[in-house]
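Chemist: Dropping a structure here in structure tokens format, bear with me for questions.
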Amino acid sequence: MRLIFALIAGGFFGAGLFISGMTDTRKVQGWLDVFGDWDPTLAFVMGGAMLPMAVAWMITKRRSSALLGTSFPPKPPTRIDRSLIAGSVMFGMGWGLVGLCPGPVIASLSYGGGSLYIFLAAMLAGMALLPVVRSRLDRTVAAE
């Protein structure tokens, strides 16, 4: 049953990314081009994502378990640390250079073309290298 709900939710998420234009790299780069040919329409997409999530967090405060009986994931930490900053920079660089982030990349796999697969490979390589880089950074900081 959980897999069925995950499939339905993933389908709605992918459709929403496609309909909103988040899979169109020109639209995303237009949103990021604040000092050039700025396209503010993605602000509505982002607001449309944040508002339901805020409501969902308020609902989870009143419930002890999810509708399917599983526990809710823990609330994300609010601490700003080195990992958060490094991850934000990496995400922003990929988003700004290519105009895609992980969700839209997966939603675009069926029609994205060769350059999309290069970005997907680079994204997966970065995810695979993260534990190695993190452990090295942690050892460097501990040695200081």
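Every read-out reported here was derived from the displayed coordinates using simple, explicitly stated rules and does not represent laboratory data. This one's a predicted model, so the numbers in the text were calculated from it and none came from an experiment. All Cβ positions, even for glycine, are placed from backbone atoms using ideal geometry, and neighbour counts span all protein chains on display.
Chemist: Using 7 Å Cα-to-Cβ label points, what is the Phe44/Ala6 separation (nm, one decimal)?
Modeler: The two pseudo-label positions are separated by 3.4 nm.
Chemist: Expressed as a rounded percentage, what relative contact order does the chain have, with Cα pairs under 8 Å and six or more residues apart?
Modeler: 28 percent
Chemist: Per 0.36 nm of contour for each residue apart, how much would the distance between Phe18 and Ala125 grow if the chain were fully extended, relative to their Cα-Cα spacing?
Modeler: 36.0 nm
Chemist: If you don't mind, another one. For the chain, set up a GNM with springs between Cα atoms under 10 Å and report which of Gly47, Gly113, Gly69 has the largest fluctuation.
Modeler: Of Gly47, Gly113, Gly69, the Gaussian network model singles out Gly69 as fluctuating most.
Chemist: Nothing charged except the Cβ atoms of Lys and Arg (+1) and of Asp and Glu (-1): what's the magnitude of the dipole of the chain about its Cα centre? Round to the nearest 20 debye.
Modeler: With Lys and Arg at +1 and Asp and Glu at -1, about 680 debye.
Chemist: In square nanometres, what is one fourth of the surface area of the convex hull spanned by the alpha carbons of region 1-67? Kindly include the intermediate steps, with their values, before the conclusion.
Modeler: Details: hull surface 22.8 nm².
Its average projected convex-hull area is 5.7 nm².
Chemist: Then there is this: What translational diffusion coefficient, to the nearest whole µm²/s, does region 2-143 have by Stokes-Einstein, given a Kirkwood radius computed over alpha-carbon pairs, a temperature of 10 °C and 1.306 mPa s viscosity? Kindly include the intermediate steps, with their values, before the conclusion.
Modeler: On the way: Rh = 17.9 Å.
Rounded, D is 89 µm²/s.
Chemist: Between region 44-90 and region 8-24, what's the alpha-carbon centroid distance in Å?
Modeler: The two parts, judged by their Cα centres, are 19 Å apart.
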